[in-house]
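One structure below.
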Protein chains: 2
Amino acid sequence: MLDDLDERIVHALAGDARRTYADIGQSVGLSAPAVKRRVDRLRETGAITGFTVRVDPAALGWQTEGVIELYCRPHTSPEAIRRGLERYPEIVSASTVTGDADAIVQVFAADMRHFEQVLERIAGEQFVERTKSTLILSPLLRRVTATPPA
Amino acid sequence: MLDDLDERIVHALAGDARRTYADIGQSVGLSAPAVKRRVDRLRETGAITGFTVRVDPAALGWQTEGVIELYCRPHTSPEAIRRGLERYPEIVSASTVTGDADAIVQVFAADMRHFEQVLERIAGEQFVERTKSTLILSPLLRRVTATPPA
DNA sequence: AATGAAATATGGACATC
DNA sequence: GATGTCCATATTTCATT
């Protein structure tokens, strides 16, 4: 598992993934090479899966965000759902869930008309029986990772 | 708005935010300084809000993920919800929504016991009337940003 | 894990289209 | 107005201790 230094390095990278290793090292009390070794190890072990950019959906033209719950036909496998959904560029995340629905899908669209089109296309998939959609009004919090409980 | 080159630069950074400007330039057909200038401009205009690390929640010790729908007391403002939720380190995102619930909250917990504790604490907040929670079974897709419709 | 050296990337200044 | 080239500086990366 991760020790305290690893936690702090991940936290520093979560805040700004382009900070230099020397800079991070100063925050956590290590030299730049020592930080790099730990980051390399975190990548090897899979704790860190990559580095990415944080974008403002609205600034990129995505004005409408929503969550679509999928009720699938009996005996639809998670893999079948994944294959069916992966060609939608508007889908940002999808997961199978407990409860009434089988999966929840997070969608970004340019506007309401676009959202409706995506919804109708998804609802028309062979494995989808019905959908229930919810629109995001305004984001309150957005973080990269949960922080340690204590 | 963003032109085609900007889109491709953002896409390249979404895939790996630590790629060098020279490397990105080769992909999109620009020199390194030209790429940097565009990235600087994208940050200034707010299209890019930062760079971050992509982590594997499970590898970091978060085995249990869930979504909690919040039904709030009448006249609870979005800002009050935000203030109430921001001190929970287990909360990764929260948004106000249309539909029956007032907000949806995405939570990572170490295990089921931990998730239950977080749920009970959130349900005990003054502004929360009741909650409805759903557990994530398995993630099917996870992306940084929607890609252009065409 | 730190140090120091070599390779590489960044980020200006300036000229060009 | 945006891009390319050049160059000084800063950073990464690797060998050594």
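Listed values, structure above:
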read-out: Tally of residues being open to solvent by less than 50 Å² (accessible area, probe 1.4 Å), away from chain B (no Cβ under 12 Å) and under 25 Å from B:TRP62 (Cα atoms) across the stretch A:1-37; value: 3
read-out: Matching residues, the stretch B:13-28, being in contact with a helix residue (DSSP H, G or I) (Cβ under 8 Å, 6 or more places away or on another chain) and away from DNA strand C (no atom under 12 Å from the Cβ); value: B:SER27, B:VAL28
read-out: Residues of the stretch B:98-130 classified as touching a residue at least 40 places away in the same chain (Cβ under 8 Å) and charged (D, E, K, R), total; value: 4
read-out: Given (1) part of a loop (DSSP other than H, G, I, E, B); (2) modelled with pLDDT of 95 or more, index of the condition A:ILE136 fails; value: (1)
read-out: Test: residue in the stretch B:67-75 that is open to solvent by less than 50 Å² (accessible area, probe 1.4 Å), at pLDDT 95 or above and either within 16 Å of DNA strand C (Cβ to nearest atom) or among the acidic types (Asp, Glu) (or both); value: yes
read-out: Residue ID - farthest from the other protein chains (Cβ to nearest Cβ), chosen from residues in the stretch B:112-130 that are open to solvent by less than 60 Å² (accessible area, probe 1.4 Å) and under 21 Å from A:ALA101 (Cα atoms); value: B:LEU119
read-out: Filter result for A:SER133 (open to solvent by 20 Å² or more (accessible area, probe 1.4 Å) and in contact (Cβ under 8 Å) with a residue 40 or more places away in the chain); value: yes
read-out: Subset of the stretch B:66-95 (residues that are of a type in the set (A, V, I, L, M, F, W, C), within 9 Å of chain A (Cβ to nearest Cβ) and in contact with a Leu (Cβ under 7 Å, 6 or more places away or on another chain)); value: B:ILE81, B:LEU85, B:ILE91, B:ALA94
read-out: Whichever residue in the stretch B:96-111 is under 15 Å from B:ILE122 (Cα atoms) and open to solvent by 10 Å² or more (accessible area, probe 1.4 Å) and, among such residues, is nearest to the other protein chains (Cβ to nearest Cβ); value: B:PHE108
read-out: Any hit, the stretch B:38-46, residues being touching a helix residue (DSSP H, G or I) at 6+ places or on another chain (Cβ under 9 Å), farther than 25 Å from A:ASP100 by Cβ, hydrophobic (A, V, I, L, M, F, W, C) and assigned to a loop (DSSP other than H, G, I, E, B); value: no
read-out: Check on B:PRO89, under 24 Å from A:ILE136 (Cα atoms) and either assigned to a loop (DSSP other than H, G, I, E, B) or out of contact with any Asp or Glu (no Cβ under 6 Å at 6 or more places or on another chain) (or both); value: yes
read-out: Set B:ILE9, B:ILE24, B:ILE104, B:ILE81: member being part of a strand (DSSP E or B) and of a type in the set (A, V, I, L, M); value: B:ILE104
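Residues are listed down the side, and each one gets a yes or a no for (1) in contact (Cβ under 8 Å) with a residue 60 or more places away in the chain; (2) away from DNA strand C (no atom under 16 Å from the Cβ); (3) under 20 Å from B:VAL10 (Cα atoms):
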{"position": "A:VAL39", "(1), (2), (3)": "no, no, no"}
{"position": "A:GLY61", "(1), (2), (3)": "no, yes, yes"}
{"position": "A:GLY84", "(1), (2), (3)": "no, yes, no"}
{"position": "A:TYR88", "(1), (2), (3)": "no, yes, yes"}
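Residues checked against (1) more than 20 Å from B:ALA17 (Cα to Cα); (2) away from DNA strand D (no atom under 13 Å from the Cβ):
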residue	(1), (2)
A:ALA14	no, yes
A:ALA22	no, no
A:VAL35	no, no
A:LEU70	yes, yes
A:ARG82	yes, yes
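The values are calculated or read from the model by the stated rules, or taken from the named source; none is laboratory data. All of these numbers come straight from a predicted model, not from anything done at the bench. Heads up, the Cβs are rebuilt from the backbone with ideal geometry, glycines too, and the neighbour counts pull from every protein chain shown. Surface areas here come from the heavy atoms of the whole protein model, side chains and all, with no ligands, DNA or RNA. Shrake-Rupley method; radii C 1.70, N 1.55, O 1.52, S 1.80 Å.
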